[in-house]
Amino acid sequence: MTVPPALAALDVADPEAAEQVAGQLRDIGTSELQLAQEVARLEERQARLDIRAPVAGPVLGLQVTTPRAVLRPADPVAYMIRRTARW
């Protein structure tokens, strides 16, 4: 870890204060890493809240019609008819 010039100057003036500031910087770095991990975890969780169709096409037999409905794993949510390109 490189020492910022202000901290180096503080180290010369007051070694005890410099040690305290260095400890606070370490704590902040640890907190920053933990918060970055938490943000990544929450973004992944949020991405799983939306249901996206794997193909384009009309939806048939939609089973869920209310917001914030709870789904069980492997239960069908809707049936889709794949739209094919017409050439």
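General observations
- The modelled label-to-label distance between Arg72 and Asp14, using points 7 Å beyond Cα along the C-beta direction, is 6.5 nm.
- Under a model in which nothing but the beta-carbon of Lys, Arg (+1) and Asp, Glu (-1) is charged, the range 5-80 shows a dipole of about 900 debye around its Cα centre.
Taken together, the values in this text are just the output of simple stated rules run on the coordinates, not laboratory data. Since this is a predicted model, take the numbers as computed values, not measurements. Heads up, the Cβs are rebuilt from the backbone with ideal geometry, glycines too, and the neighbour counts pull from every protein chain shown.
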